[in-house]
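Here the structure is laid out as structure tokens; the discussion comes afterwards.
Computed from the coordinates by the stated procedures, all read-outs in this text should not be read as laboratory data. Computed from a predicted structure; not experimentally measured. Here the Cβ positions follow ideal geometry from the backbone for every residue, glycine too, while neighbour counts run over all protein chains shown.
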Amino acid sequence: MGLDKWIKTEETAKKPKIKDDVKKPKKPESKPKEKKGTIGLKNLLKFDLVCPKAKCKYQKTIRKKELTDKDKVCPRCKSIMKIK
């Protein structure tokens, strides 16, 4: 076992560095691709729903194009929630 790998010699210290331009050819710039999960987020609306009963006080936020009747029903007390 020697210390040769830890000591830099003149040959390794004086190697000319290759520029990045020479290494890789330039690719033409293209438009960034949209992620699959974010394609439809532009058309979504945010709905804040609140249960009207004072004892329940359940709240939820939904991001959809349209609310259905099932979305408006409170899961705790089964009453119709109000849109905030």
Report summary line: Pairs returned, first residue in the stretch 46-60 that is of a type in the set (Lys, Arg), second residue that is surrounded by fewer than 11 Cβ atoms within 10 Å (Cβ to Cβ), beta-carbon separation under 6 angstrom, 6 or more apart or interchain, are Lys46/Arg63
Report summary line: Restricting attention to the stretch 41-70, the residues that are acidic (Asp, Glu) and either surrounded by 10 or more Cβ atoms within 10 Å (Cβ to Cβ) or part of a strand (DSSP E or B) (or both) number exactly 1
Report task. Could you please give the count of residues in the stretch 71-84 that are surrounded by 14 or more Cβ atoms within 10 Å (Cβ to Cβ) and not in a loop (DSSP other than H, G, I, E, B)? Result -> 2
